[in-house]
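Novice: Pasting a structure below so you can have a look.
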Amino acid sequence: MKQYKIAIVGAGPAGYFTAQALQKAQDDEITFAIDMIERLPTPWGLVRSGVAPDHPKIKTVSKVFEKIAKESGFRLFANVELGKDISLKDLREAYDAVVLATGSTIGRKLGIPGEELSNCISAADFVPWYNAHPDFTNVSVDLDADTAVVIGAGNVAMDIARMLALDPSELEPTDTASYALEIFKASKVRNVYICGRRGPEHAAFTAPELRDLPKLENTDVYIDSDQINQAVIRVDQMGEVEKDLRNNLEAMRLIAEHSKKGVDRKLNINFLAAPKEIKGSGKVEEVVFTINEVKDGKVVATDNTFTIKTGLVVTAIGYDAVEYPGIKIENGRIANIAGHVEHNIYVTGWAKRGPVGVIGTNKSDSSDVVDLIIENLKEPKNSTGVEGLLKSGHEVIDQVGWEKINASEVISGELAGKPRVKEVDWKRLISLGTS
Ligand code: NAP
């Protein structure tokens, strides 16, 4: 029987699914001692700080993560930062394999004039802000204007637009950060525009998320039915297309056609609107868009523009992976070949394939990386794990420590009628997790 030591860096979905694939691959000949290393004092990655608070069902995958964490051979080392508390070189030497599951957390830039204006916020800041991520509590969000613009036609844009367009009473029973909830309650925003630069047929939304929009209780959702009809004609001319595309267009058609409630909260989805410039003196005041058109299957700019007066712009146009000393970034991802980085270092999840796919996509991705690791394993190393690499006195939050934080948050949530009240202060999180 051989036991291999595997370090997984990043305690998000990709990290947990890698641990699960390793656990499933154990047999009479090999077992794995898995050390999961996480920069934050808390695990679960985007399930904690990315998934929209009004979609609690998606967060139930955390039950799977906790089951994985209870398996023998699994250890959590939270509050340990790669590149600061521990080096990749040391990990490489101490472990038989190191899997980077560090995600993509840097918001991409539009690269247009005015992006630096105040109240032009990247989704990479806005989403963790409303999700009580301890590093984002001080993001300055001003919801004092009637109109907000969200740029991008993906599910993150949709999450953000919903958060802005919902009646805040709907967020009361959720785990939205309490400081953010107060700002949403005082919000003057009543018109939210999602703007996609290409056509409805190119949108990155997924059908289940689109189908939820007409069900919003206090918000009317608008899509121009002409834009959808024209997209359907273009798609019909393409011959056979993926079922997902048809489902998306059908879900959009239902949004365009469903009867409106006549409420004052409106969410508008615009297509073929490419941001050209954000204007304002010091703070966002309007966005100028180039009107695009689809010609011979290609999206091209017209000479026409239109403007939306707005007090807030949120850009939800994708993310890039964080760079670590000794790791190369290519096209926003950790440079890799099918998950192999170099030596005994591997990568999985968004850091590997870029910021695409839902939580479940990480399952197959991680299982492929584990197959590759197993193929390349040599004789097990004889070394201590993370504990031998950290400075003495470093405050690690282990699984028991995390369970204390978790229990405390859930108890506070029960008292407040919420799934949990997240602790947002680093020091308090560490003291809860190490007491
Ligand atoms: P995404 O799905 O890739 O969408 C990004 C959007 O930004 C696209 O519409 C893209 O348009 C647009 N964009 C990129 N650069 C732009 C620019 N310079 N100007 C204007 N628009 C630009 O990314 P995401 O929304 O961040 O989501 C990431 C992943 O997480 C996706 O796979 C998503 O499905 C998943 N997710 C899932 C859920 C859920 O299941 N509920 C929730 C959130 C996120 P082009 O196509 O023209 O490039």
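The values are calculated or read from the model by the stated rules, or taken from the named source; none is laboratory data. Model, not experiment: these values are computed from the prediction. FYI the Cβ positions are ideal-geometry reconstructions off the backbone, even for glycines, and counts take in every protein chain you see. Remember, those area values only see protein heavy atoms, side chains included, never the ligands or the DNA or RNA. Shrake-Rupley method; radii C 1.70, N 1.55, O 1.52, S 1.80 Å.
Novice: Comparing E201, E285, E217, which has the greatest mean-square fluctuation in the GNM of the chain with Cα pairs linked when under 10 Å apart?
Specialist: Top of the fluctuation ranking is E217.
Novice: Further question: Report T31's accessible area, 1.4 Å probe, all protein chains in place, as a number in Å² to the nearest 10.
Specialist: About 30 Å², ignoring ligands and nucleic acids.
Novice: For region 310-389, what mean projected area does the convex hull of the alpha carbons give, in nm²?
Specialist: For the Cα atoms of region 310-389, the hull's average projected area reads 8.4 nm².
Novice: Could you tell me how many degrees, from 0 to 90 and to the nearest 10, lie between the Cα long axis of helix 225-237 and the main elongation axis, the longest principal axis, of the Cα atoms of the chain?
Specialist: 70 degrees
Novice: Ranked highest first by average number of other Cβ atoms within 10 Å, how do 57-69, 401-413, 380-392, 187-199 line up?
Specialist: Ranking, from highest mean packing down: 187-199, 401-413, 57-69, 380-392.
Novice: May I pose another question? With the contact rule set at Cα under 8 Å and sequence spacing of 6 or more, what percent relative contact order holds for region 109-315?
Specialist: Over region 109-315, the number comes to 31 percent.
Novice: Pairs K24/K352; K2/K84; K59/K215: which are spaced more than 25 Å apart, C-alpha to C-alpha?
Specialist: The answer is K2/K84.
Novice: Can you check what the net charge comes to around V241, using other residues whose Cβ is under 13 Å from the Cβ of V241 (Lys, Arg +1; Asp, Glu -1)?
Specialist: Around V241, the charge tally is -3.
Novice: Rounded, prolate or oblate: which fits region 363-435 when a ≥ b ≥ c are the square roots of the eigenvalues of the alpha-carbon gyration tensor, with rounded for a/c under 1.5 and prolate only if a/b beats b/c?
Specialist: oblate
Novice: Express the carbon and sulfur contribution to the solvent-accessible surface of the chain as a percent, rounded to the nearest whole number, probe 1.4 angstrom.
Specialist: The computed percentage sits at 50.
Novice: Now, a different point. Just to check I understand the Karplus step: with θ = phi - 60° and J = 6.51 cos²θ - 1.76 cosθ + 1.60, what whole-Hz values come out for region 284-296, glycine and proline as x?
Specialist: Computed from phi, the couplings for region 284-296 are 4, 10, 7, 10, 9, 10, 7, 7, 8, 9, 9, 10, 6 Hz.
Novice: Another question, then. In Å², and per residue, what accessible area does the chain have when probed at 1.4 Å with the other protein chains present?
Specialist: So the chain comes to 45 Å² accessible per residue, rounded to a whole number.
Novice: Amide H neighbours of G318 under 5 Å, counting only residues 5+ apart in sequence or on other chains, H built in-plane at 1.01 Å?
Specialist: Long-range HN contacts for G318: R108.
Novice: Another question about this same structure. Once you have the Cα-Cα distance between Q237 and S169, take 0.36 nm times their residue separation minus that, and quote the gain in nm to one decimal.
Specialist: My answer for the length gained is 20.0 nm.
Novice: First check a/c for region 109-315, with a ≥ b ≥ c the square roots of the eigenvalues of its C-alpha gyration tensor; if it is under 1.5, answer rounded, and if not, answer prolate when a/b is larger than b/c or oblate otherwise.
Specialist: Oblate, because a/c is 1.5 or more while a/b does not exceed b/c.
Novice: Which value, in debye to the nearest 20, gives the size of the charge dipole of the chain about its Cα centre, when Lys and Arg are +1 and Asp and Glu are -1 at the Cβ?
Specialist: 160 debye
Novice: To the nearest 10 degrees, how steep is helix 155-165 against the longest Cα principal axis of the chain, on a 0 to 90 scale?
Specialist: 60 degrees
Novice: From the square roots a ≥ b ≥ c of the eigenvalues of the alpha-carbon gyration tensor of the chain, which class results: rounded (a/c under 1.5), prolate (a/b over b/c), or oblate?
Specialist: prolate
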